[in-house]
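Below: the structure, in structure tokens.
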Ligand code: PLP
């Protein structure tokens, strides 16, 4: 077929897509049959497919369209930078104005002494960069043995070989892929809903901390380099750890000279009502923060690894002639950085952080009304991150068989009703743009209720 440049009809596009585009997380059998839904345009919280059907996108793209899509101001900033200077070599001794300005801006917004920025092309490479930085730091300070990583089951840190190995989602570790196992240790997922029956939240917290400390002692504190943690485990099902968990695990890291890497790829840039949730919401000052997604609200691919003065002093100590041989052709890409600067400008000007602090509790409260449905075990989350956990039995919390694909059944019904929610096995997660209105929240809740009710009927 010579459709490649001429594809205009949706059917042609779907066929070409099937033939040539290997999508992230493709389930080959299903994809070969159903293909993908082509999205043609987007505005605010809405996306429109190539048939012209409009959907309220409660997922915010993929936790990323924070300021909402289709803003002319963003298009203008991107176009202007593209015309002025689309690219400059970022290596060694050349820079570009948007990258410098953005690095300085991020240093101002990030907590504590996080004043140094490694730019990347997205979240996964920010996590990879964090670990390369950590290796370099430990070697520079004469601790070459200190390289082991702690992370958690059910965490998600990206899709490169390293970041996927740090992640702890069993479903993302199929046997056909290989993973790094010799220096990465997965602690328990801090999910009180799935804690052993009879434990109070405080007892459960203590159990998690005991496990963390005993793991450190077993590996040997001199060998443990870093703890990688999302403040709220996003793709693992919006798991909010028990109260006090962040500060206590941070304290353990300090006690054993372990670097705390807060993976804020999802939780930064307003999703929880703050620039960064680590300090402003959870009261911890990480040594490194990784971010992406809301940094540009999805208008351009960009990530960043923001690290401390303390690390910088060690790696840049004068007199060693060291070279930090790490980075990418597109590190600090001027167009992506110009988009990020404009995105931050819009968040500030429209006071979107404050807005999330107002609408977030309403979203949470309204979503929790779904807990009266017979298959909704728990609705959890914080501000504009929400997860509905679907269960077969609310008392025992038993799950539906995986092959029933309950999350996907619900999201298919929602899609037919004009709402996008993201299925993750038995879960449905949502993270709408920060501009979401009360009326749109009501529509999400009403439509999702209908989708779940329709799924319950299917199951009878
Ligand atoms: N870290 C977290 C917490 C994420 O949720 C994601 C993506 O969802 C990543 C890292 C990877 O980011 P990217 O897909 O931009 O590489």
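Among the residues of the stretch 128-138, which ones are more than 12 Å from the ligand (Cβ to nearest atom) and surrounded by 22 or more Cβ atoms within 10 Å (Cβ to Cβ)?
Let us first name the residues in the stretch 128-138 that are more than 12 Å from the ligand (Cβ to nearest atom), namely 131-138.
Those that are more than 12 Å from the ligand (Cβ to nearest atom) and surrounded by 22 or more Cβ atoms within 10 Å (Cβ to Cβ): 131, 133, 134, 137.
Of the helices (runs of 4 or more DSSP H) lying entirely inside the stretch 341-460, those containing at least 3 residues that are at pLDDT 95 or above and closer than 30 Å to residue 80 by Cα are 352-368.
At pLDDT 95 or above, outside any strand (DSSP E or B), touching a helix residue (DSSP H, G or I) at 6+ places or on another chain (Cβ under 9 Å) and within 16 Å of the ligand (Cβ to nearest atom) - does that describe any residue in the stretch 111-121? Yes, because at least one residue in the stretch 111-121 is at pLDDT 95 or above, outside any strand (DSSP E or B), touching a helix residue (DSSP H, G or I) at 6+ places or on another chain (Cβ under 9 Å) and within 16 Å of the ligand (Cβ to nearest atom). Could you say whether any residue in the stretch 211-230 is in contact with a strand residue (DSSP E or B) (Cβ under 6 Å, 6 or more places away or on another chain), part of a helix (DSSP H, G or I) and within 16 Å of the ligand (Cβ to nearest atom)? No, the stretch 211-230 contains no residue that is in contact with a strand residue (DSSP E or B) (Cβ under 6 Å, 6 or more places away or on another chain), part of a helix (DSSP H, G or I) and within 16 Å of the ligand (Cβ to nearest atom).
If we scan the stretch 139-152, do we find a residue that is touching a residue at least 40 places away in the same chain (Cβ under 8 Å), surrounded by 15 or more Cβ atoms within 10 Å (Cβ to Cβ) and within 13 Å of the ligand (Cβ to nearest atom)? So far as the stretch 139-152 goes, yes, one or more of its residues are touching a residue at least 40 places away in the same chain (Cβ under 8 Å), surrounded by 15 or more Cβ atoms within 10 Å (Cβ to Cβ) and within 13 Å of the ligand (Cβ to nearest atom).
Only residues that are part of a loop (DSSP other than H, G, I, E, B) and away from the ligand (no atom under 13 Å from the Cβ) were counted in the stretch 256-268, giving 3.
Taking each residue of the stretch 358-382 that is over 18 Å from residue 427 (Cα atoms) and looking for partners that are modelled with pLDDT under 95 and buried (at least 17 other Cβ atoms within 10 Å of the Cβ) with beta-carbon atoms closer than 7 Å, six or more apart or interchain, yields nothing. Does the stretch 243-255 contain at least one residue that is assigned to a loop (DSSP other than H, G, I, E, B), more than 16 Å from the ligand (Cβ to nearest atom) and touching a residue at least 24 places away in the same chain (Cβ under 8 Å)? Yes: the stretch 243-255 contains one or more residues that are assigned to a loop (DSSP other than H, G, I, E, B), more than 16 Å from the ligand (Cβ to nearest atom) and touching a residue at least 24 places away in the same chain (Cβ under 8 Å).
For the stretch 65-83, the criterion of a residue being farther than 30 Å from residue 274 by Cα and in a loop (DSSP other than H, G, I, E, B) is satisfied by no position. On the stretch given as the stretch 300-340, residues that are in a helix (DSSP H, G or I), over 24 Å from the mean Cα position of the chain (by Cα) and farther than 22 Å from residue 286 by Cβ total 0. A residue that is within 13 Å of the ligand (Cβ to nearest atom), assigned to a loop (DSSP other than H, G, I, E, B) and buried (at least 24 other Cβ atoms within 10 Å of the Cβ) can be found somewhere in the stretch 278-296. Here is a check on your reading of the model: is residue 88 over 19 Å from the mean Cα position of the chain (by Cα), surrounded by fewer than 23 Cβ atoms within 10 Å (Cβ to Cβ) and touching a residue at least 12 places away in the same chain (Cβ under 8 Å)? Against the criterion (over 19 Å from the mean Cα position of the chain (by Cα), surrounded by fewer than 23 Cβ atoms within 10 Å (Cβ to Cβ) and touching a residue at least 12 places away in the same chain (Cβ under 8 Å)), residue 88 qualifies.
Looking at 324, 328 in this structure, which one is in contact (Cβ under 8 Å) with a residue 12 or more places away in the chain, over 28 Å from residue 188 (Cβ atoms), surrounded by fewer than 22 Cβ atoms within 10 Å (Cβ to Cβ) and within 15 Å of the ligand (Cβ to nearest atom)? First the steps, then the outcome.
Details: 324 fails: within 15 Å of the ligand (Cβ to nearest atom).
So the residue among 324, 328 that is in contact (Cβ under 8 Å) with a residue 12 or more places away in the chain, over 28 Å from residue 188 (Cβ atoms), surrounded by fewer than 22 Cβ atoms within 10 Å (Cβ to Cβ) and within 15 Å of the ligand (Cβ to nearest atom) is 328.
Residue count for the stretch 153-190, restricted to those that are within 11 Å of the ligand (Cβ to nearest atom), within 13 Å of residue 230 (Cβ to Cβ) and part of a loop (DSSP other than H, G, I, E, B): 6.
From the residues in the stretch 231-242 that are within 16 Å of the ligand (Cβ to nearest atom) and free of Cβ contacts under 8 Å to residues at least 60 places away in the same chain, which one is farthest from residue 260 (Cα to Cα)? Show your work before the answer.
Residues of the stretch 231-242 that are within 16 Å of the ligand (Cβ to nearest atom), as a first pass: 231-241.
Then drop every residue that is not free of Cβ contacts under 8 Å to residues at least 60 places away in the same chain, which leaves 231, 241.
Numbers: 231: 11, 241: 16 Å.
The qualifying residue farthest from residue 260 (Cα to Cα) is 241.
Within the stretch 297-309, if we keep just the residues that are closer than 29 Å to residue 258 by Cβ and in contact with a helix residue (DSSP H, G or I) (Cβ under 9 Å, 6 or more places away or on another chain), the residue that is nearest to the ligand (Cβ to nearest atom) turns out to be 303.
Residue by residue, here is whether (1) under 16 Å from the mean Cα position of the chain (by Cα); (2) under 30 Å from residue 213 (Cα atoms) holds:
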residue	(1), (2)
95	no, no
102	no, no
112	no, yes
120	yes, no
155	yes, yes
160	yes, yes
164	yes, yes
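Screening 205, 199 for residues that are more than 16 Å from the ligand (Cβ to nearest atom) and either under 24 Å from residue 302 (Cα atoms) or buried (at least 19 other Cβ atoms within 10 Å of the Cβ) (or both) leaves exactly one candidate, 205.
The values are calculated or read from the model by the stated rules, or taken from the named source; none is laboratory data. Source: prediction; values computed, not measured. Cβ sites come from the backbone with ideal geometry, for glycine too, and all protein chains shown count toward neighbours.
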